[in-house]
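Participant: Mind looking over this structure? Questions follow.
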Amino acid sequence: MKKILQFISKILKKVGHFLTHNWFIEISNKEIIWFHKFHQTITNRFRESIQGYAFISIWIFGFLTLTLYPLVTSIFYSINKVTITGGQGIQFEMVGFDNYVQIFTTDLDFMQYLQSFIGDIILQVPIILIISMLIAILLNQKIKLRGFFRSIYFLPVIIVSGPVINELLQQDAGSIPLIQELAVIETIEAALPAFLAEPITNLFSEIIIILWFSGVQIVLFLAGLQKIDGEIYEAAQIDGASPWESFWKITLPSLRPIILVSAVYTIVMLATFSTNSIIKHIQTLMFDTSRGYGYSAALSWVYFIVVAMILGIAVLLIAYQKKPKTKKVRG
Amino acid sequence: MTQKLKLINKHSLRRKLFGYKLTDGLVFQIMIYVLLVTIGFVYVYPLLHMVSFSFQSLEDLLNPMVSQVPTTFYLQNYVDAFTVLKYFETMGSSLAVTLLPAIMQTLIASLVGYGFARFEFPLKKTLLALVVATYIIPPQVTMIPKYVLFFNIGILETVWSIILPATLGQGLNSAIFILIFYQFYKMIPKVLDEAAQIDGASRIYTYFKIAIPLSIPSFITSFLFSFVWYWNETYISTLFLGSGVETLQMRLADFVSEYSSILGSSQAINYANEAVRMAATMLIIAPMLIVYFIMQRWFIEGIDRAGITGE
């Protein structure tokens, strides 16, 4: 056994030596010689970057083949009419921006889905953020059983999946019985105009599902809260700040980075969760022969741009800070 | 004298109830617990509903008096759900498209995270930004070309269509795991690496002998999350696995048609169907619940420790 291993390592050494000492490239400790001609000295910096790239090379390869290449191809698809025939494989017919024009002129379903998606995001993201922050603040008080409550609130993260959520919604288990009994939804529908009432009633009928989406955010906020130094609050209290004031002046500003991370996480999660109607729409159209791949590629690009814009707006809203006015003192 | 005592008593009672500050009085404490328990109940309500529903026999379902707690411990729903899901057979393929990608994704994320954290190289900032970008791009955009690509190299409708992206660091939420490891390795002092190198260790050796042992907690957390997310993911797996590999989640998604084709349907059975579906849902989330209850602290403390929040 030992002999076999020694033999293998001998061969490996030979191969390694050949790879680093041949006519094409010759690598020694201090320099690289290309084609026996061009000398290149190896600096520590150069070595480090080669090693760094070696570590991430597998990701770079994956990025090029499974992200960048599909992205470019998808743009190409979106400006073509793609037909798949059994015998000849895939056929392309350049149609320019027809697919995109079609989306905005004829695909009423998509526009409607998109509208309700944007409405949902505008309503749900702040609610998820506020609820998870409130729960985190509750958990951050001096209480017993903190770990127990925390693990209950985190539990849904483990089990949410498209089919499971679907089953729950079909069973009306997505809402609290009390809400139905008190006829909250009917009251809202009667009191508000339709475009306002619809998202709000949706919200109530899916309140549990919305809560279920906030497990990760609660833990993020809790971690953030625990990093705030307690002495800051004491100092503020001595200066006469009420708890209300210290929430707005201390807690909220220090949580800003976490609000940002949570907002991005929430938006991406809502945008890619498999019960999302736009995603379903794109998938059904993929296998629809009359429109085909090209059209659904165009759809997904429109969707991507919308999501990116929402993310951009959210990041701007949260990260934007009024700079305090400071007087410049000329010295 | 008694009057004075009364006054003191009254005073201390008030102090006890409302505390010296806002947050340490008894009333406040009780309020917090009430709130926490209420919210907790809302959180677990669907689960409780599911459990109680799944144990109800047909009589219980039809009986309006029985709304939550079943009268008998009725297991037939679970037996039915077992047969319709083909639980054990499907479990195998479900684990194959869950465990293997999770393992590969964790290993690769660690390698890539180490590369980003420990080395200085040109374009590092840009590449890191691209890592984050891969998280934001909706999978729908790249899905169709990937579908064609996988078809061309012949791995469509096999387990490899899920494992390959995970191995190349482009799996489900890979970016998050890379960032977790990146953050973690940045926190380990560089001195350790340098000491090893002075003793003659190569970079790879340092990674295996120093970085990996120190980052075992990150490995566990990443693996668990990866495992859970892959288990719950249905959109991409439905597309890439098609009819080739069937997972439990996919069988749950078309449970109704499967149910009538396997067990036949009549009016009464249709009614019981809902209870059976709840039982099936329970069966599918059961493995995750077990994992969660055993490894619970790794899930939650993992997020704390991952330092995503520290950016």
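Participant: Quick check on B:Ile155: is it within 7 Å of another protein chain (Cβ to nearest Cβ), among the hydrophobic types (A, V, I, L, M, F, W, C) and buried (at least 17 other Cβ atoms within 10 Å of the Cβ)?
Facilitator: no
Participant: Of all the residues that make up segment B:226-258, how many are surrounded by fewer than 23 Cβ atoms within 10 Å (Cβ to Cβ), over 21 Å from B:Leu156 (Cα atoms) and among the hydroxyl-bearing types (Ser, Thr, Tyr)?
Facilitator: Count: 1.
Participant: Sticking with this structure for a sec: Condition first: of a type outside the set (Ser, Thr, Tyr) and either touching a residue at least 60 places away in the same chain (Cβ under 8 Å) or surrounded by 15 or more Cβ atoms within 10 Å (Cβ to Cβ) (or both). Can you find one or more residues in segment A:40-48 that meet it?
Facilitator: Yes, because at least one residue in segment A:40-48 is of a type outside the set (Ser, Thr, Tyr) and either touching a residue at least 60 places away in the same chain (Cβ under 8 Å) or surrounded by 15 or more Cβ atoms within 10 Å (Cβ to Cβ) (or both).
Participant: Inside segment A:139-153, can you point out the residues that are under 15 Å from A:Gly215 (Cβ atoms), of a type in the set (A, V, I, L, M) and either more than 9 Å from chain B (Cβ to nearest Cβ) or free of Cβ contacts under 8 Å to residues at least 60 places away in the same chain (or both)?
Facilitator: A:Ile152, the sole residue that qualifies.
Participant: For segment B:88-122, which residues satisfy the criterion of being without any contact (Cβ under 8 Å) to a residue 12 or more places away in the chain and aromatic (Phe, Trp, Tyr)?
Facilitator: Residues satisfying the conditions are B:Phe88, B:Phe119, B:Phe121.
Participant: May I pose another question? Return only the number of the condition from (1) at the interface with chain B (Cβ under 10 Å from one of its Cβ atoms); (2) assigned to a helix (DSSP H, G or I) that A:Thr275 does not satisfy.
Facilitator: The single condition A:Thr275 does not satisfy is (2).
Participant: Which residue, of B:Ile216, B:Ile180, B:Ile212, is more than 12 Å from chain A (Cβ to nearest Cβ), buried (at least 20 other Cβ atoms within 10 Å of the Cβ) and aliphatic (A, V, I, L, M)?
Facilitator: Going through B:Ile216, B:Ile180, B:Ile212 in turn, just one is more than 12 Å from chain A (Cβ to nearest Cβ), buried (at least 20 other Cβ atoms within 10 Å of the Cβ) and aliphatic (A, V, I, L, M): B:Ile180.
Participant: Looking for whichever is part of a helix (DSSP H, G or I), modelled with pLDDT under 85 and aromatic (Phe, Trp, Tyr) here; the options are B:Tyr259, B:Tyr292. Which one fits?
Facilitator: Just a single option satisfies the conditions, and that option is B:Tyr259.
Participant: Here's something else I'd like to know. Somewhere in segment A:240-254, is a residue surrounded by 15 or more Cβ atoms within 10 Å (Cβ to Cβ) and within 20 Å of A:Asn166 (Cβ to Cβ)?
Facilitator: Within segment A:240-254, not a single residue is surrounded by 15 or more Cβ atoms within 10 Å (Cβ to Cβ) and within 20 Å of A:Asn166 (Cβ to Cβ).
Participant: Would it be correct to say that A:Asn80 is out of contact with any Ser or Thr (no Cβ under 6 Å at 6 or more places or on another chain) and exposed (fewer than 10 other Cβ atoms within 10 Å of the Cβ)?
Facilitator: So A:Asn80 fails the test.
Participant: Which ranges mark the helices (runs of 4 or more DSSP H) fully within segment B:33-142 that have 2 or more residues being modelled with pLDDT of 90 or more and either facing chain A (nearest Cβ under 7 Å) or within 30 Å of B:Glu157 (Cα to Cα) (or both)?
Facilitator: B:87-118, B:124-136
Participant: What number of residues in segment A:119-153 are at positive phi and modelled with pLDDT of 90 or more?
Facilitator: So the answer is 0.
Participant: Output the qualifying pairs, or none if there are none: Cβ atoms under 8 angstrom, residues six or more apart or on different chains, first residue in segment B:139-161 and outside the structural domain of B:Thr234 (by TED's automatic domain parsing), second residue modelled with pLDDT of 90 or more.
Facilitator: If the second residue must be modelled with pLDDT of 90 or more, no pairs are left.
Participant: Enumerate the helices (runs of 4 or more DSSP H) found wholly within segment B:168-250, keeping only those where 3 or more residues are over 26 Å from the mean Cα position of the chain (by Cα) and assigned by TED's automatic domain parsing to the domain that holds B:Asn152.
Facilitator: Output list reads B:190-198, B:203-206.
Participant: Do we have B:Phe121 as assigned by TED's automatic domain parsing to the domain that holds B:Val245, of a type outside the set (Lys, Arg), more than 21 Å from the chain's Cα centre (by Cα) and within 30 Å of A:Ile90 (Cβ to Cβ) here?
Facilitator: It is false that B:Phe121 is assigned by TED's automatic domain parsing to the domain that holds B:Val245, of a type outside the set (Lys, Arg), more than 21 Å from the chain's Cα centre (by Cα) and within 30 Å of A:Ile90 (Cβ to Cβ).
Participant: Same structure, new question: Looking only at segment A:154-190, count how many residues are assigned to a loop (DSSP other than H, G, I, E, B) and either more than 8 Å from chain B (Cβ to nearest Cβ) or modelled with pLDDT of 70 or more (or both).
Facilitator: 7
The values are calculated or read from the model by the stated rules, or taken from the named source; none is laboratory data. Here the structure is a predicted model, which means the values were calculated and not measured. Glycine also receives a Cβ, built like all others from the backbone with ideal geometry; neighbour counts cover every protein chain displayed.
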